[in-house]
Amino acid sequence: MFQLAGVAAWMYSGAGHSQEVAAVPFRHYPLDPVDAANFRQKLFVPSNNGPFGVLDVVGPLKIRVTAASFPILPGPKTPIPSPFLLYQTEHAGKAYQNPILRIESGSRFTASLDNALPEPTIIHWHGLHTPAAMDGHPVNTIAPGGRYEYDFTVRNRGGTYWYHTHAHGLTAKQAYNGLASFFLVDDDDQRRLAKALDLRLGVTDLPLVIQDKQFDAQGKLRYQPNAQESMMGWLGDVVLANLTPNAVQTVTPRTYRLRLLNGSNARIYRLAFVTGKKQLKFTVIGTDGGLIERPETVAEAFLAPGERLDVLLDAGQVKPGTDIFLKSLAFDPMENEGPAMPGMAGMEHGAGHAAPGVASSRLPLGVEFNVLKLSVTAGERIVAKLPATLSKVSAIRLQGATQRKIELSLENMRFLINGRTFVMDEIAFDAKRGAVEVWSISNPTLGMPHPMHIHGFSFQVLERLNSPAQVSSSARFDKGRTAGDLGWKDTVLVWPGETVRIAIDFTHDFPGDQTYLLHCHNLEHEDAGMMINFRVQG
Ligand code: C2O
Ligand code: CU
Ligand code: CU
């Protein structure tokens, strides 16, 4: 394999040796997250108003989606504002942009959405179990000047959910440009944990959305996927934690809860906490749909677009004065396992930024880089006593379950689900209300990893078959599962060659037929039609 001077040659340069390529140093640039010395910006931590402020939902909300600006990159004196899309609202006398919505499980959620963008949009409540009409299906997209009324009961258990735009063909661009935030659901289990560990939202309980973006020379967000990037997914090269590039957070020697959300369009992270060369242990307490049964200690976890991982990190396991880096470790992106794509000849020479057909990100998928620096300062050493049990997760009863095959494929440079591309009003299959189904989602060896997401219902991961070594090496649970597969999920990463079996219980209390989506949460794939409708017959 040739050596790569830049980034360009990596993606389509040959067959399946990306691990080797990932280890090759590449050129450095300002805010390069590979360079630990760049980590100097104070992490943005939400308060109770303003951008990403925590909004405790009491009564109806009026949300206006609008084109605005937001300061992201550091400038000579103040951060440089970039065009940005925002959900704006006022609540209890306070103004919010992209609020972190927080609500009690079982309560009613009422919101109107006004579209002040020059293009269609809609909000989808990712992970929430709502009637189809409240789900933000793209069929309910509202035109500029239009309004959509949401009114539903929050039926989900406590957990870290999120919301984002879902206008078909525009989801990737709109979400990338700002239209996403957290939707936190509280319940008794959550409160019990918070009390036991003295977890306070915004202090010792930190929502942390991880995203990768590109910026132009003026410091403005750039989103210009070429044909290859539209096909494979758009990657950034500046890594943001809560929209802070190269972020630092000061912590004391105690336990913190980090609610990690991969809000990136296409990047998969292999997360680990590292001090020097040493990987620290951390504890998984929750996944997409809330707390898992017991705390599980791990050393690393993959996090794909759309997924959440709730973790505890004891910052007191290192000496004060030490830095802990939340990193994405090197991995094989498995994006190039098949024969070379047509029209890719000669690419190994072109290291140019943004040349046609060439990946414009300077941070290839699968290289190691830093996400966040935690600076441990002196302070009282508090040793947390983790509760032995966190919550109850009852296994879905599989007797009499309907078996269904979900086959991912690649044809004519397009990723398909069961041979289909998205058609707005076409139903790919029907499920029956109250039925349990077991889906075997299989990804061919040729292709790339796909984070598969289901609207409307949380599911349970039953089994991983034929997983790549980088996944099976940390599969400590039965049937090839990792800690990130435990509990209730709404998004699951399926690697090339892998089959993931999941169980879904289609019990609901909504009247009539309900149509939901199954799609890949690589947002470029979703927009390109790697999405189908399924109907739950009432
Ligand atoms: Cu977060 Cu249909 O997606
Ligand atoms: Cu969703
Ligand atoms: Cu995909």
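Computed quantities for the displayed model
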quantity	calculated
Compactness of segment 133-261 - radius of gyration and Dmax, Cα, Å	18.1, 51
Antiparallel DSSP beta bridges within the chain, percent to nearest 5	75 percent
Segment 360-488 - share of DSSP beta bridges that are antiparallel (%, nearest 5)	50 percent
FRET efficiency, Arg64 to Ala330 (Cβ-Cβ, R0 56 Å, nearest 0.05)	0.85
Portion, in percent, of the accessible area of the chain that falls on carbon or sulfur, probe 1.4 Å	53 percent
Sites excluded, GluC sites (Glu not before Pro) in DSSP loops with at most 14 other C-beta within 10 Å, longest stretch of the chain	1-379
Accessible heavy-atom area order of Asp425, Asp509, highest first, probe of 1.4 Å	Asp425, Asp509
Euclidean distance between Cα centres, segment 48-88 to segment 164-222, Å	12 Å
Calculated [θ] (222 nm, deg cm²/dmol) that DSSP helices of n ≥ 4 give over the chain, each run adding -39,500 (n - 2.57)	-1500 deg cm²/dmol
Where segment 442-496 is the region considered: accessible area per residue in Å², 1.4 Å probe	29 Å²
DSSP beta bridge pairing in segment 32-126, given as percent antiparallel to the nearest 5	55 percent
Computed E for Glu149/Arg433 - FRET, C-beta separation, R0 22 angstrom, nearest 0.05	0.35
Trypsin sites (Lys or Arg not before Pro) within segment 444-509: DSSP coil, no more than 14 neighbouring Cβ in 10 Å	Arg476
Approximate spin-label separation Ala92-Asp114, in nm, with each point projected 7 Å along Cα-to-Cβ	2.3 nm
Table column - 3J(HN,Hα) (Hz), segment 402-419, Karplus curve with 6.51, -1.76, 1.60, x for Gly and Pro	7, 8, 9, 9, 10, 10, 8, 8, 10, 9, 6, 6, 10, 8, 10, 10, 6, x
Sequence-distant lysines (8 or more away, or on other chains) whose Cα lies within less than 29 Å of Lys281	Lys42, Lys195, Lys213, Lys319, Lys327, Lys373, Lys385, Lys392, Lys479, Lys489
Extension gain from Tyr29 to Lys392, taking 0.36 nm per residue of separation minus the Cα-Cα distance	126.0 nm
Under 23 Å from Lys62, Cα to Cα: lysines that are on another chain or at least 8 residues apart	Lys94
Stretchable slack from Thr421 to Arg476, in nm (0.36 nm times residue separation minus alpha-carbon distance)	16.2 nm
Tail beyond 41 Å, pair distance distribution of the chain (Cα, percent)	15 percent
Thr275 versus Arg404: modelled label distance in nm, points set 7 Å from Cα along the beta carbon direction	4.8 nm
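The values are calculated or read from the model by the stated rules, or taken from the named source; none is laboratory data. From a predicted model like this one, the values you see are computed outputs, not experimental measurements. A quick note on method: Cβ atoms are made from the backbone with ideal geometry, for glycine too, and the neighbour counts reach across all protein chains shown. Protein only, heavy atoms only, side chains kept; ligands, DNA and RNA dropped before computing areas. Shrake-Rupley method; radii C 1.70, N 1.55, O 1.52, S 1.80 Å.
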